[in-house]
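Worksheet for the structure shown next.
The values are calculated or read from the model by the stated rules, or taken from the named source; none is laboratory data. In this text, all values refer to a predicted model and were calculated from it rather than measured experimentally. As a convention, Cβ positions derive from the backbone with ideal geometry for all residues, glycine included, and neighbour counts pool all protein chains shown. Calculation scope for accessible area: heavy atoms of the full protein, side chains included, ligands and nucleic acids excluded. Shrake-Rupley method; radii C 1.70, N 1.55, O 1.52, S 1.80 Å.
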Amino acid sequence: MLSLSNRQQFIIGLLLVALMAFTRGHHFSTINHLPSATLAVFFLAGLYVSSKWLLPILFAEAALLDYAAITFGGVSSFCVSPAYVMLLPAYGALWFAGQWYAKQYQFSWSTLLPLSLSVVFATTVSQVLSGGGFYFFSGRYTEPTFAEYGERFVTYFPSALSNIVFYLALAIAFHIIAVLANRAVSVHQEN
């Protein structure tokens, strides 16, 4: 099980808020812009921050960043529709998966299976809720069908999964470094 001090959780929460702020808004990655870390941010918030205080802050931040991108950044408002509300359960699924995985966590190779399963499952649920919600409830598609949505899901899901995997790989690297550094300090203090 993962346990961090309140101070560590607060610092991680601030870092996740900053990561979302720096990567959300362009909606497509280019050589000059990283892909959105939003999915990974919600998962990592659930994993590292045990208190629920961060979840509504991240929801509000995502909405404010979208508003700023549309109002001041020239990003199209095409995705803003009645279906926008589906982002709440979509991001919530990632956060809950992070919380679930935090209870399974151990610093060993065996933890990679539940981590991988929780990330793939939560990303799938998130994409069904956000993409499916937009496709069926936005009013942008006059005659939506499950067959066409399935094609869209197959088209867009790999990108969503690769984005979250990219950021989780970075988080795993930082996590390993932090754990090993903490162990080295503990050993040094004992001697």
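Of Ala97, Ala21, Ala68, which has the largest mean-square fluctuation in a 10 Å C-alpha GNM of the chain? Of Ala97, Ala21, Ala68, the most mobile in the Gaussian network model is Ala68.
The heavy atoms of Val128 offer some 70 square angstrom of accessible surface to a 1.4 angstrom probe. Span-like helix check, the chain: qualifying full DSSP H segments, with Cα axial length of 27 Å or more and mean Kyte-Doolittle of -0.5 or more, are 146-190. When the Cα positions of Val80, Phe134, Ala97 are compared along the charge dipole of the chain, Ala97 comes out farthest toward the positive end, with charges on each C-beta of Lys, Arg, Asp and Glu.
Dipole check for the range 6-165: with +1 at the C-beta of Lys and Arg, -1 at the C-beta of Asp and Glu, and the Cα centre as origin, the magnitude is about 420 Debye. Across the range 137-142, coupling constants 3J(HN,Hα) worked out from phi with the 6.51/-1.76/1.60 Karplus curve, θ = phi - 60°, read 10, 7, x, 7, 10, 6 Hz, and Gly and Pro carry x. A crude spin-label estimate for the pair Leu113 and Ser162, with each label 7 Å from Cα along the Cβ direction, gives 2.9 nm. Between the labelled values (i) 1.18; (ii) 1.07; (iii) 1.11, the entry that holds Cα Rg over 2.2 N^0.38 Å as derived from this structure is (iii).
Comparing mean-square fluctuations of Gly150, Gly98, Gly132 from a GNM of the chain with C-alpha springs under 10 Å, the top value falls on Gly150.
For the chain, the solvent-accessible area of protein heavy atoms averages 60 Å² per residue (probe radius 1.4 Å; ligands and nucleic acids excluded). Label point of Asn6 set 7 angstrom out along Cα-Cβ; within the range 33-71, amide nitrogens under 19 Å from it belong to 48-57.
Across Ile70, Ile172, Ile57, mean-square fluctuation computed from a Gaussian network of the chain (C-alpha pairs under 10 Å connected) peaks at Ile172. For the range 136-191, the fraction of 1.4 Å probe accessible surface lying on carbon and sulfur atoms is 66 percent.
Report summary: the helix-based calculation at 222 nm, which adds -39500 (n - 2.57) for every DSSP H run with n ≥ 4 and divides by the residues of the chain, gives -23500 deg cm²/dmol. Heavy-atom accessible area for Arg152, with the other protein chains in place and a 1.4 Å probe, reaches approximately 70 Å².
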